[in-house]
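Encoded as structure tokens, the structure appears first; notes follow it.
The values are calculated or read from the model by the stated rules, or taken from the named source; none is laboratory data. Every value quoted in this text rests on a predicted model; they were computed, and no experiment measured them. Cβ placement follows ideal geometry from the backbone for every residue including glycine, while neighbour counts extend to all protein chains displayed. Heads up: the accessible areas ignore ligands, DNA and RNA and are worked out on the full protein's heavy atoms, side chains in. Shrake-Rupley method; radii C 1.70, N 1.55, O 1.52, S 1.80 Å.
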Amino acid sequence: MNALKVLKKKIKASRRRWRQGNADESKEADTKFDEMYQQYLGIESAMKLFREHVEGYCISLQESCRMQSTIAGDLLYFFDTVSSHRDGVKRYLNTSRSLDTSCAKFCDIVRDKVLKPLQKHIDLFPNVTKIVKKRNNKRIDYMSYQKQAEASFGKNLPRYQKKLAKMQRAEAVFNKINNDLSRVFQDYIINKEDMLDYYMHFVIDMQIQFFETAAENCEKTKDIMIAFERIALQAPNAFDAKLQQVVQGIEEYEESLAAGKVSNTNAYPNPSPKTNRNPNPNLGRPISDILRRRRRR
């Protein structure tokens, strides 16, 4: 029975708030609060974006350092133990791994000192939204009871006293919530720069320290770059030219086979397992040598 009364009361209050909330006078008189609330929402949105972008920056930076370390490992494959440049490439690999470790520590500090505190602050925003909704409901209740009390004044004393008491309770709750929220919004608006000052400076300072460390590490790898430049200058495009020559030789050989100019059986005969007296002189020789000899004929 009590639950039914509570439900009826809530339905009645919702209907009253809906009717009163659509009235023009209830909207016009609340302009100042709405302006403060909109400024607060802008600060809330900016704080969320700042946290999101700092987190994305850490993720991208870690991935970049991790891939640099991976690339350094890939390069080591091309320089075997007899290469005079292997030690330099290994130094580059160790430097990349050291940078990767420094990056991970940098991001862990930023998460601990910036992202976590900001997230705790952001988690409070839904509570503010709920309080604003409650404040608006109490304001509507207050205005509605005020109208009802004025309508019954001098006509029905018991009804007037009942509506007056409800109006006074709604007014007290509304004023309490409204004043508290107004102070919170004013603090956000006035101190919005100071509020994020520590976090912004911390991120920038950490970036400077990290890149200074990265620059020192990269300075150690200059001799590796000099070694790569020497390798490139010694034989520019030599490997590409050789590979292209092999590809061209194979294509010409396949064209000759298709035209019937070269016998596949004669080019690569299968020696009898019983005898090896006259092995084919072309066996084991590169295709390019065979083709070059046949052109001279």
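Assorted remarks:
- Breaking point among (1) open to solvent by less than 60 Å² (accessible area, probe 1.4 Å); (2) more than 46 Å from the chain's Cα centre (by Cα), for ASN156: (1)
- Residues of segment 132-159 classified as of a type in the set (Val, Ile, Thr) and touching an Asp or Glu at 6+ places or on another chain (Cβ under 8 Å), total: 0
- Where a residue in segment 175-188 is open to solvent by 60 Å² or more (accessible area, probe 1.4 Å) and its partner, wherever it lies, is of a type in the set (A, V, I, L, M, F, W, C) and in a helix (DSSP H, G or I), with Cβ under 9 Å and at least six apart: GLN186/MET36; ASP187/MET195
- Residue within segment 148-169 that is at pLDDT below 90 and hydroxyl-bearing (Ser, Thr, Tyr) present: yes
- Within segment 107-150, restricting attention to residues that are hydrophobic (A, V, I, L, M, F, W, C), part of a helix (DSSP H, G or I) and open to solvent by 10 Å² or more (accessible area, probe 1.4 Å), the residue that is farthest from LEU49 (Cα to Cα) is MET143.
- All of GLU212, GLU171 fail the test of being surrounded by 13 or more Cβ atoms within 10 Å (Cβ to Cβ) and part of a helix (DSSP H, G or I), apart from GLU171.
- Test: residue in segment 210-228 that is modelled with pLDDT under 75, more than 35 Å from the chain's Cα centre (by Cα) and not acidic (Asp, Glu): yes
- Residue, most open to solvent (accessible area, probe 1.4 Å), within segment 196-209, restricted to residues that are without any contact (Cβ under 8 Å) to a residue 12 or more places away in the chain and over 21 Å from the mean Cα position of the chain (by Cα): TYR198
- Subset of segment 57-87 [part of a loop (DSSP other than H, G, I, E, B) and of a type in the set (A, V, I, L, M)]: VAL82
- Selection of segment 52-84 for residues being closer than 23 Å to VAL203 by Cβ and open to solvent by 50 Å² or more (accessible area, probe 1.4 Å) yields GLU52, HIS53, GLU55, TYR57, ILE59, SER60, GLU63, SER64, ARG66, MET67, GLN68.
- Residue check for LYS90: basic (Lys, Arg), part of a helix (DSSP H, G or I), open to solvent by 40 Å² or more (accessible area, probe 1.4 Å) and in contact with a helix residue (DSSP H, G or I) (Cβ under 9 Å, 6 or more places away or on another chain): yes
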